[in-house]
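Every number here is computed from the coordinates shown, using simple stated rules; none is lab data. What you see is a predicted model; the values in this text were computed from it and never measured. Reconstructed Cβ throughout: ideal geometry from the backbone, glycine too, with neighbour counts over all protein chains shown.
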Amino acid sequence: MIADPGMTIGRYATVTIGTGSRAVALDYGRTYLVVEQRIDRAFRVADEFARSGAAVLCVSRLHPDMIRERLPADGVSAIWLSERPGSVNVAPSELTRLVQKVIGFTRDNERSVVLIDGIEYLSLYSDFHRLQMFFEQLNDIMMETGSILLVALDPRLFDMRSMARLRRFAEVLS
């Protein structure tokens, strides 16, 4: 269950992550939808990266203390999607501020990993078109910085058309 940096080709590389019964190859500079009803697999993948020394940013509805319990390795940062004021909090309606935080993190941390858990919460505050543009921006940032974006997604939360739109810019891990 260790991240293997694989072959480096320019700024991009393939990383193999052991997540239980099988290994998964992930390319830097890409976005991945982790499609499952629970967020366990997405956290396992992020934990493997963190344990291998990668900087990980977790954007979640979970409180940062709960993130640290699930991702105890060093190098893990958290942003709490919450309307409560706080230094690590971002309101779900502030997608632009969230993009700026992701840009700062990925530029400061080479080959970093960003995990977003809470897309359903974000969708309560933004229509799907705005949410899709948000993920398109994040995808561009991942390509530009050679980072990896993991988006935990419960397929029951979106209709087939919305799921197809999200899959347009991302690989699917199910």
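Numbers at a glance
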| item | result |
| --- | --- |
| Selection from the stretch 25-45 of residues that are hydroxyl-bearing (Ser, Thr, Tyr) and over 12 Å from the mean Cα position of the chain (by Cα) | TYR28 |
| Filtered residues of the stretch 104-132 (kept if more than 30 Å from ASP159 (Cβ to Cβ) and either over 14 Å from the mean Cα position of the chain (by Cα) or among the aliphatic types (A, V, I, L, M) (or both)) | GLY104, ARG107, ASP108, ASN109, GLU110 |
| Qualifying residue in the stretch 79-100 (condition: farther than 16 Å from THR31 by Cα, outside any loop (DSSP other than H, G, I, E, B) and within 13 Å of the chain's Cα centre (by Cα)) | yes |
| Condition broken by GLU120, with the remaining ones in (1) touching a helix residue (DSSP H, G or I) at 6+ places or on another chain (Cβ under 6 Å); (2) outside any helix (DSSP H, G or I); (3) under 13 Å from ILE39 (Cβ atoms) satisfied | (2) |
| Qualifying residues in the stretch 158-174 (those that are in a helix (DSSP H, G or I) and not charged (D, E, K, R)) - the one farthest from the chain's Cα centre (by Cα) | MET160 |
| Of all residues in the stretch 138-157 being over 13 Å from the mean Cα position of the chain (by Cα) and either surrounded by fewer than 20 Cβ atoms within 10 Å (Cβ to Cβ) or of a type in the set (Phe, Trp, Tyr) (or both), the one that is nearest to ARG168 (Cα to Cα) | ASP140 |
| The stretch 33-62 residues that are within 19 Å of LEU122 (Cα to Cα), paired with ones that are part of a loop (DSSP other than H, G, I, E, B) (beta carbon under 6 Å, 6 or more apart) | LEU33/ALA170; VAL35/SER174; GLN37/ASP154; SER60/GLY118; ARG61/GLY118 |
| Breaking point among (1) without any contact (Cβ under 8 Å) to a residue 24 or more places away in the chain; (2) over 22 Å from PRO64 (Cα atoms), for ASN89 | (2) |
